[in-house]
1. With respect to the numbered conditions (1) of a type outside the set (S, T, N, Q); (2) closer than 18 Å to residue 134 by Cβ; (3) buried (at least 17 other Cβ atoms within 10 Å of the Cβ), which one is the sole condition not fulfilled by residue 76?
2. Kindly provide the set of residues from the stretch 86-105 that are of a type in the set (Lys, Arg) and either closer than 24 Å to residue 65 by Cα or open to solvent by less than 30 Å² (accessible area, probe 1.4 Å) (or both), ordered by number.
3. Any residue in the stretch 106-125 that's open to solvent by 30 Å² or more (accessible area, probe 1.4 Å): show its pairings with residues that are among the hydroxyl-bearing types (Ser, Thr, Tyr) at Cβ separation under 6 Å, as long as the two are six or more apart or on different chains.
4. Just name the residue that is farthest from residue 27 (Cα to Cα) out of those in the stretch 126-158 that are charged (D, E, K, R) and crowded, with 16+ Cβ neighbours inside 10 Å.
5. Within the stretch 103-116, identify whether any single residue is hydroxyl-bearing (Ser, Thr, Tyr) and modelled with pLDDT under 90, and answer yes or no.
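The values are calculated or read from the model by the stated rules, or taken from the named source; none is laboratory data. Computed from a predicted structure; not experimentally measured. FYI the Cβ positions are ideal-geometry reconstructions off the backbone, even for glycines, and counts take in every protein chain you see. The accessibility values were calculated without ligands, DNA or RNA, using every heavy atom of the protein model including side chains. Shrake-Rupley method; radii C 1.70, N 1.55, O 1.52, S 1.80 Å.
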Amino acid sequence: EKQVAFGQLYNAEDASGKTWPAQMSRTGHTFDGWKSGDTWFNNTAANVSVTGNTNLTAQWTAKTFKLVFDMNGVSASLPANQAEKEVSYGKSSTYAPIPTKTDTHDAWVFNGWAVSASATSGATAGSTIQAQDINMWYGEVLENGTKTLYATWKKTLNKEQPERGFGK
């Protein structure tokens, strides 16, 4: 928040020192400008005058990236609108639902979503992806990147074979 004074002219290149604050930065967000009530102010405007002491609040938009849900070697699928999803920095989301197997004769059953193709278990389908996990993944892929989550599978017929991810 920045307070600007009544009667002062604010100019991006004003030699008097009454300038807009520098471009702001916030991890995982884009700076959109300044706002007071319903009035937007932009730090790139040539001249802006206020009619009274005014508090300006920085406005931000969360950056996004894509999660892709990979079947990890099993003949299975998700509805087209759930095979990938856009997530926003700082906001929770949900994991994809249980995949529909196209080969119902094999002995593998879904065992969760994981960040590694070789994981043996993962998060429950449809459960919440915590914001801190989304923030961590954002750091890995950055804006407009893609993070792949892999289906894990458990063999149901052969009890001697351990649970595992398929890998690629």
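1. Here residue 76 meets the rest and fails (2).
2. Applying the first criterion (of a type in the set (Lys, Arg)) to the stretch 86-105 yields 91, 101.
Passing the criteria: only 91.
3. Cβ pairs passing all conditions: 109/156; 111/121; 111/152; 121/152; 122/152.
4. Of everything passing the filter in the stretch 126-158, 155 is farthest from residue 27 (Cα to Cα).
5. Keep residues of the stretch 103-116 that are hydroxyl-bearing (Ser, Thr, Tyr), which gives 104, 116.
Now narrow it down to the ones that are modelled with pLDDT under 90: 104.
Among the residues of the stretch 103-116, at least one is hydroxyl-bearing (Ser, Thr, Tyr) and modelled with pLDDT under 90, which makes the answer yes.
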